There are 2 protein chains.
Amino acid sequence: MIELSLHRPVAAADVPAWDMETDVAIVGFGATGACAAIEAAQAGARVLLFERGSGSGGASALSGGEIYIGGSGGTDAQRAAGFEDSTEDFAAYLKAAGGPCADDAKCDLYAREALAHYDWLKAQGVPYRGNYLPGKHIEPTDDSTLIWSGSEAAAPFCDIAKPAPRGHVIAHMGWGGGRPLVDVLERRARALGVQVVTDARALALIKDGERVVGVVMRIDNRPHFVRATRGVVLATGGFAFNEDMRRRYCPETLRLSSPIGDQDDGSGIELGVGAGGDAIHMEQYFTTCPWTMPEPQAKGVFVNQMGQRFINEDCYHGRVSRCALDQPGDRVYLLLDIAHFDQPLEMAGMSIAGTGETWEEVEAELGMAPGTLSATMAFYNDHAREGRDPLFDKRAPILTPLDQAPFVALELNFATTYFSFFTLGGLRTSTDGEVIGRDGKAVSGLFAAGRCTSGLPAWGHGYSSGLSLADCTFFGRQAGRRAAAG
Amino acid sequence: MIELSLHRPVAAADVPAWDMETDVAIVGFGATGACAAIEAAQAGARVLLFERGSGSGGASALSGGEIYIGGSGGTDAQRAAGFEDSTEDFAAYLKAAGGPCADDAKCDLYAREALAHYDWLKAQGVPYRGNYLPGKHIEPTDDSTLIWSGSEAAAPFCDIAKPAPRGHVIAHMGWGGGRPLVDVLERRARALGVQVVTDARALALIKDGERVVGVVMRIDNRPHFVRATRGVVLATGGFAFNEDMRRRYCPETLRLSSPIGDQDDGSGIELGVGAGGDAIHMEQYFTTCPWTMPEPQAKGVFVNQMGQRFINEDCYHGRVSRCALDQPGDRVYLLLDIAHFDQPLEMAGMSIAGTGETWEEVEAELGMAPGTLSATMAFYNDHAREGRDPLFDKRAPILTPLDQAPFVALELNFATTYFSFFTLGGLRTSTDGEVIGRDGKAVSGLFAAGRCTSGLPAWGHGYSSGLSLADCTFFGRQAGRRAAAG
C-alpha cells in the first residue's frame, strides 16, 4: 500500500497507474486557481482544475471582490475621478504595505503591470462601472467601482507615496462582489476548455526525481493519480482554519475567534514544503473588526487599557485592528461622543463599557486611573480643534474633536469581539509563481499563488483591501502561464 | 559526483564509502553538544562530536554561563537565601515566559527536573559558590551564584507565579562564565571518551529510507561520510548570523546591528527541515541593550517617540528592549534625573538626545509636542511618590520619582544603539529531543536541542537570562540520551 501524505511526495515510480493526465493540474478553484487556469489554457495547455468543495469559490467568493490596482498614470476610474497614479508611487505604497516582509520584485512587477491586469480582468468579462465613490468604505453598498481601500491617505503612507484610491470593485449591487467575480472567471475558464473536477481533495504530490510530475487527488473516496506533464499549481489558500498550523506558526491568532475563508487548511503549504519548498513569514496575519460602521464611528479614537492612543485612526480599519492586537492586555476601547455615536453593528460584538458626561466619568467607569484617558482626550481635542494630531498625525476630515457630551467607550475584546482574520504567510515563490526552495532554487514543476504563498499582502500591519485579490489574480495568472510553459 | 546540500539528505545507497563510524554523531560543540555527548557516552554509546570552529564554545562560551533553575522547593542557593520555589510556580513562570509560543510539555518537564539537573551539572564539575546576590544584575561582577535574572518580580509575571531568583551562575570571577562552563563540560566529555573533531562543518545528512543514519562532514577540505548507527544530534545554534534566513523568517532583526553568537548560521535548522523536520516560531528573537548600567539608570523611565510609556521598567532588561522594538518609529528614550544619571556605557551607544531643567524643556529639545512627555513624567512622578504605577504596575524599589533637575533623555536608536540579538525559532522537538516533522511524527534517527530548536526561551517578550542555557544543557542531555538509545 502506497503511503499518501501532504508532507512527502510520492515517487513517480511507485504510482500504480495514472488515472488522469493533463498538462497543468491546478489545486484550488478560488480566484487564484481560476486565473491560473485561464492563462494556462490560453497558452494552449490542457488544464485540470481541482476543487475540494462542490463548486468554485474558496475564500475569494467570500470577499468583496475588490482588487487593488493603480500605477501607470491611473486606471480609467482613477483618472475620471481626477487621480493620477504613477507606477513609482504605486510601487512605493506596495512596499510600505509589505513592511519588513515586502517582496520588492513582486511589488515592482505588479506596479508596472497592474493596469494591463485591469484590462485583462475586463477582457475576461469582469464588469466595472468606472465611477469613484468618495469617503471611507469597507465595501461599496452600491455598484461603485473605485474606493479608498487602504492607508494611502494616512501617515506614514501618505508621506511615502502620493495617495490615490486603488480599490477597484466589480460592478455588483452591495457587498459580496467576490462571488460574482469568481463566477465570471469560472465561465471564462470553462469556455477555454478547462476541465473542472469538484469534490476533489489533494492527498500528495508526485515527484520524478527532483521534478513534480503530478498530484494525487481523492475523488469518489479513492486516490486518483494525476499526471501533469507541465506542472502543478497550488492555489489552496492560507491556514486560518488549521488550528495545529496556527499553533506552530501563527499562535497570535489563537486569541481571535473568527477565521475567514472556506475551511482554508494550509494543505497547499504543506504539499509545497513537503516537496522542497520554503514557507516564509508564517507568523503574519490580517485581522479586522468592522469598527468603522455605522459611519460616524470611523471618527472615534482608540485607546489601550492604559488610556493611551496607539494609532492614527484614519488609516485602514485593518491596520488599526492589527495595531490594537499589539496592545498589552486583552482589549482596547473605541471612544465616541454623542455626535459620533450610533448603535454598533450587532455582528461586531462591541459592547458599551463606559459612559459619562465627561471623559473623566468614562475613565472612572473603565476603572482607569484619574488623569489617564481624560488627559488623552483633552490633549486630543485641544489639537483636533486646531486640525492637528501631534502624536499620530491623524488628518482631517477624520480628525474631529470628540467633545459633545455624553461620551461612550466601546470595548473591543480580542476574544469576544468580531475580529475576523486570515493568514498571510506561505510558500516562497518567484514572480513567475515558481515555488522556491530553502536553497533558493525553484522546485521543478511546482507553482503556487494566492494565500498559500507569501505575496503582495505580506505584512499584517500594512494590509489594504484588495491586496490579496490583486495578488491572487495577478500572480495566479503568472503561475498558470509559467506552468503551461513546462 | 554526489550532490551535498543542507536542504536534501544524501541517500545511504549513494554514499561512496564510510569514512567514520560511530553510534551517535553530534554536530556543534557548545553547551548543548557537550551535554548531549556526555549523556550519550555515559549511556555507553561511541560518540563523535563535531565542531565547525577550532575549539569548543559556540554561542554558549560567549554567554554569562547562567542557567535558569528552580522548582521542587528550591535549590541550595535559593533556600539558603530564604526563597522557596515550588515546581508549580516554576512551571507557571516558564509558560508565561513562553507566551503564545510556550511548549507546555517542555516547561512542565524542566520544572520537575531542574533541581536534578542542577545536581547533575555540579556532578560534572560545574562549581557554584551557593550564595545569593541581591539587586538587579545582568551578570554578577563577582563569583556569586544566584541572581534575579528575569521578570519574576515584575508584573504581570509576579501575579502569575510566586517570584524567586532563579539565575544560577557558575563560580567565576566577573562576567563571562560561559567559557568556563563549556570548559568543564568539555573536560567531562573527553574524560568519558567522546571523540572531538574540530574544523568540521556539516554538509548534509544521510538517510536510509526514512531514517537518518549519518552526516557528511567537511574535514580537511573534503567530505567525510560519517555513519551514526544510533542517531545524529543537531546542536548548531540559531541563525542570527544568516542574513538570508533572517530576511525570510525573522525580518524584524534586520533593524538591529549586533547579532550574538559564534557565526550561528542556521545550518542545523536547514539540515533538520531538509530531512523532514518542522521549524516553528521562526520570527521570534531575543534582544537586549545594556540600559540598566551604570546601575542608577535601571531606575529610568522609557517613553516612545510620542512621549508615552510602554512598559513597567522593573521587568527584565531584555523584555523592556523587546517591547521598545514594538514601538512606532526608529527609537525610544530613557529618561533620567540627575539623581539617576551617570555616563552611559560607551559600548551601549546611547546618546544624550535632550536635557533640561524641567521635563518640559526635555520634551521641547526632543521636538515633542508640549504636554506629551512632560505630562507623562508629571503623572509618573505624582504616583511614584505614592509608591504606585497605575499604568504599568512598576514596583518599588525600582519605582522612583525622577524629579531632581536637571533631566536627561538618552536615545536608544534601533539602528545605532547596541541592541544585541539572537534567534529563538527553530526545529520542533519532543521533550526527548526527537526532531518532529510537519506530520507530527518523529524523524527517525534525528535529534536536536539548543537554539537550533524552539525550546524554553520560545518568545522574545518573555526571555529571562539563563533560559537558553537551561534549555541547551537540559534538552541537550535529553537528546544525547535518547540518541544513544537508538
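The values are calculated or read from the model by the stated rules, or taken from the named source; none is laboratory data. Predicted model only: the values in this text are computed from it and were never measured. Cβ placement follows ideal geometry from the backbone for every residue including glycine, while neighbour counts extend to all protein chains displayed. Keep in mind that these areas ignore ligands, DNA and RNA; they rest on the heavy atoms of the full protein, side chains included. Shrake-Rupley method; radii C 1.70, N 1.55, O 1.52, S 1.80 Å.
Taking region B:206-228 as the region of interest, how many residues are open to solvent by 20 Å² or more (accessible area, probe 1.4 Å) and more than 11 Å from B:P9 (Cβ to Cβ)?
Total satisfying the criteria: 7.
Please count how many residues of region A:111-162 are outside any helix (DSSP H, G or I) and either farther than 26 Å from A:G176 by Cβ or not charged (D, E, K, R) (or both).
Within region A:111-162, residues that are outside any helix (DSSP H, G or I) and either farther than 26 Å from A:G176 by Cβ or not charged (D, E, K, R) (or both) number 28.
Restricting attention to region A:286-313, and to residues there that are of a type in the set (D, E, K, R) and more than 11 Å from chain B (Cβ to nearest Cβ), which single residue is farthest from A:P9 (Cα to Cα)?
Ranking the candidates gives A:K299 first.
Of the residues in region B:216-254, how many are among the β-branched types (V, I, T) and either touching a helix residue (DSSP H, G or I) at 6+ places or on another chain (Cβ under 8 Å) or closer than 30 Å to A:A458 by Cβ (or both)?
4
Here's a check for you: in region A:83-112, which residue that is of a type in the set (D, E, K, R) and open to solvent by 10 Å² or more (accessible area, probe 1.4 Å) is farthest from A:H317 (Cα to Cα)?
Among those that are of a type in the set (D, E, K, R) and open to solvent by 10 Å² or more (accessible area, probe 1.4 Å), it is A:R112.
Scan region B:324-345 and tell me whether some residue there is crowded, with 23+ Cβ neighbours inside 10 Å, small (G, A, S) and at pLDDT 95 or above.
Within region B:324-345 (the criterion being crowded, with 23+ Cβ neighbours inside 10 Å, small (G, A, S) and at pLDDT 95 or above), the answer is yes, since at least one residue qualifies.
Scan region A:230-249 for residues that are surrounded by fewer than 24 Cβ atoms within 10 Å (Cβ to Cβ) and either at pLDDT below 95 or away from chain B (no Cβ under 14 Å) (or both) and report the count.
2
If I go through region A:412-465 residue by residue, how many of them are of a type in the set (G, A, S) and open to solvent by 10 Å² or more (accessible area, probe 1.4 Å)?
Selection size over region A:412-465: 6.
Before we move on, is B:G349 at positive phi and away from chain A (no Cβ under 12 Å)?
yes
For region A:83-100, how many residues meet the condition of being within 14 Å of chain B (Cβ to nearest Cβ) and free of Cβ contacts under 8 Å to residues at least 60 places away in the same chain?
Let us first name the residues in region A:83-100 that are within 14 Å of chain B (Cβ to nearest Cβ), namely A:95-96, A:98-100.
Adding the requirement that they be free of Cβ contacts under 8 Å to residues at least 60 places away in the same chain leaves A:95.
Going through region A:83-100 one residue at a time, the tally reaches 1.
Would you call B:R190 within 14 Å of chain A (Cβ to nearest Cβ) and open to solvent by 30 Å² or more (accessible area, probe 1.4 Å)?
No, not satisfied.
From (1) closer than 29 Å to A:K441 by Cα; (2) touching a Ser or Thr at 6+ places or on another chain (Cβ under 7 Å), pick out the condition that doesn't hold for B:A31.
It is condition (1) that B:A31 fails.
Could you tell me whether region A:194-201 includes any residue that is assigned to a helix (DSSP H, G or I), open to solvent by 20 Å² or more (accessible area, probe 1.4 Å) and among the aliphatic types (A, V, I, L, M)?
no
On the given criteria, is B:D382 of a type outside the set (S, T, Y), farther than 23 Å from B:T287 by Cβ and within 12 Å of chain A (Cβ to nearest Cβ)?
yes
For region A:429-438, does any single residue satisfy the condition of being touching a strand residue (DSSP E or B) at 6+ places or on another chain (Cβ under 7 Å) and of a type in the set (K, R)?
No.
Say we look at region A:431-454 and pick out the residues that are over 16 Å from A:C35 (Cα atoms), within 14 Å of another protein chain (Cβ to nearest Cβ) and not aliphatic (A, V, I, L, M); which of these is nearest to the chain's Cα centre (by Cα)?
The selected residue is A:S454.
Checking the condition polar (S, T, N, Q) and touching a strand residue (DSSP E or B) at 6+ places or on another chain (Cβ under 6 Å), which residue from A:Q404, A:Q343 passes?
A:Q404
Check whether at least one residue in region A:367-374 is more than 10 Å from every other protein chain (Cβ to nearest Cβ) and crowded, with 19+ Cβ neighbours inside 10 Å, and report yes or no.
Looking for residues that are more than 10 Å from every other protein chain (Cβ to nearest Cβ) and crowded, with 19+ Cβ neighbours inside 10 Å, one finds at least one in region A:367-374, hence yes.
Of all residues in region A:250-301 being farther than 30 Å from A:H383 by Cβ and aromatic (F, W, Y), which is surrounded by the most Cβ atoms within 10 Å (Cβ to Cβ)?
Result: A:F286.
I'd like to check something: does region A:268-285 contain any residue that is more than 9 Å from chain B (Cβ to nearest Cβ) and among the charged types (D, E, K, R)?
No, because not a single residue in region A:268-285 is more than 9 Å from chain B (Cβ to nearest Cβ) and among the charged types (D, E, K, R).
Filter region B:105-129 down to the residues that are free of Cβ contacts under 8 Å to residues at least 24 places away in the same chain and touching a helix residue (DSSP H, G or I) at 6+ places or on another chain (Cβ under 6 Å) and list them by number.
B:D108, the sole residue that qualifies.
Which of the residues belonging to region B:163-186 are assigned to a loop (DSSP other than H, G, I, E, B) and open to solvent by less than 10 Å² (accessible area, probe 1.4 Å)? Don't jump to the end; show me each part of the working.
In the first step, residues of region B:163-186 are kept if they are assigned to a loop (DSSP other than H, G, I, E, B); the result is B:163-166, B:170-177.
Those that are assigned to a loop (DSSP other than H, G, I, E, B) and open to solvent by less than 10 Å² (accessible area, probe 1.4 Å): B:A164, B:P165, B:R166, B:I170, B:G177.
For the structure I just gave you, tell me whether B:V362 is buried (at least 20 other Cβ atoms within 10 Å of the Cβ), more than 14 Å from chain A (Cβ to nearest Cβ) and farther than 23 Å from B:S149 by Cα. Spell out the reasoning first.
On the way: buried (at least 20 other Cβ atoms within 10 Å of the Cβ): yes; more than 14 Å from chain A (Cβ to nearest Cβ): yes; farther than 23 Å from B:S149 by Cα: yes.
Yes; evaluated as a whole, the condition is true for this residue.
Restricting attention to region A:321-329, does a residue exist that is within 12 Å of chain B (Cβ to nearest Cβ), of a type in the set (G, A, S) and more than 20 Å from A:W459 (Cα to Cα)? Even if it seems obvious, please write down each step before you answer.
The initial filter retains those residues of region A:321-329 that are within 12 Å of chain B (Cβ to nearest Cβ), namely A:323, A:325-329.
Going one step further and asking which of them are of a type in the set (G, A, S), we end up with A:329.
Cutting the leftovers down to more than 20 Å from A:W459 (Cα to Cα) gives us A:329.
Yes, region A:321-329 contains at least one residue that is within 12 Å of chain B (Cβ to nearest Cβ), of a type in the set (G, A, S) and more than 20 Å from A:W459 (Cα to Cα).
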